[in-house]
Structure formats: C-alpha cells, structure tokens
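Here the structure comes first, spelled out in structure tokens, and everything after it is commentary.
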Amino acid sequence: VPAAARAPTVSTSLFAPNGFLLAGVTHVPTADGPVKAMVLKMRAASLTDYRLTTRDGGPELALGARKLDLSGDVTLYLTKFSGCLEGLLCLTFTPDQLPVPPVVPPFVFMTNVDAEQALVTSDLIVADGLTLRAPADGDRAEP
C-alpha cells in the first residue's frame, strides 16, 4: 500500500527513542510516485504531546495523543525532521542534508520536534489520550 502523496506533518514536545540509529535514505512509494526519505530505526520510542495532520489534498484530519509509545521493530521514514537535541542544539535534517556520522547515541532525546512523516512501521503502538478531529471549513486541524 503506498503512503500518502504528501507526507503528514508531525509535532511532539519530546521524542525519546531507545536504540536509535539513522539508517540512511530510501525511496518510499506514494500515490504520486516515490519520495526520498530518511530512515530512522529504533527498538522503541516515546512521543509526548503527539500531533499528526494530514496534507494529502483531501479533507484535513488531525490525530493527537498525550503520549504515543512505539515498540518492537520501529522504523520512521521522514522527508524532513527538525528538533532540539537534548533540548539545546536545534537542527533540521532532510534526506539530502544528513548528519555525519549517521549514527546517533541511543540515549539522545529531542524536544520541539517537527517532521514530515512519509511512513511509520512498528510492532506495537500504544496511545494515551487519543483524539481524531476533522476540522470545519476554515479551521486549522489541531486536535
């Protein structure tokens, strides 16, 4: 199944991965053809104040959770990723602008994260305080 033609936007106040590795770049199939994406792999991740908003040309949907926990074989495919490492050093990454070396210590956390998320795979996803909202015309899709 292809991913959405336009990657949804994601924001979280705290992204705390466990066993984090920037695994490289790949092409993710979408409804409009493949898009270049960074591949981030980890054993688990916890996201606080998670917000996802669709941008695929149809009606906007906003998904939110107070906390979102991913575990097992977790892989994120991102077309853009920005946030503040350890809450101090703020950076933005794209598939064409990756950090060197491409390995991140497993204990790193990020705050104020904004991303464009082409696809996520995980063995288990647990959400606390899950909300789904379809905004009225003219409203912004914020849960």
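Filter the stretch 116-143 for residues that are open to solvent by 60 Å² or more (accessible area, probe 1.4 Å), within 19 Å of R6 (Cβ to Cβ), modelled with pLDDT of 60 or more and not in a strand (DSSP E or B) and give the result.
A134
For the stretch 24-51, enumerate the residues that are surrounded by fewer than 16 Cβ atoms within 10 Å (Cβ to Cβ) and among the aliphatic types (A, V, I, L, M).
V25, A31
Restricting to the stretch 6-19, count the residues that are over 18 Å from T94 (Cβ atoms) and of a type in the set (A, V, I, L, M, F, W, C). Before you say what the answer is, go through the steps one by one.
Taking the stretch 6-19 as the starting set, the residues that turn out to be over 18 Å from T94 (Cβ atoms) are 12-14, 16-19.
This time we only want the ones that are of a type in the set (A, V, I, L, M, F, W, C), so: 14, 16.
The qualifying residues number 2.
Could you figure out which of (1) closer than 18 Å to M38 by Cα; (2) surrounded by fewer than 17 Cβ atoms within 10 Å (Cβ to Cβ) isn't true of Y77?
All conditions are met except number (2).
The values are calculated or read from the model by the stated rules, or taken from the named source; none is laboratory data. Not measured: the values here are computed from a predicted model. Positions of Cβ are generated from backbone atoms using ideal geometry, with glycine treated the same way; all protein chains shown enter the neighbour counts. Surface areas here come from the heavy atoms of the whole protein model, side chains and all, with no ligands, DNA or RNA. Shrake-Rupley method; radii C 1.70, N 1.55, O 1.52, S 1.80 Å.
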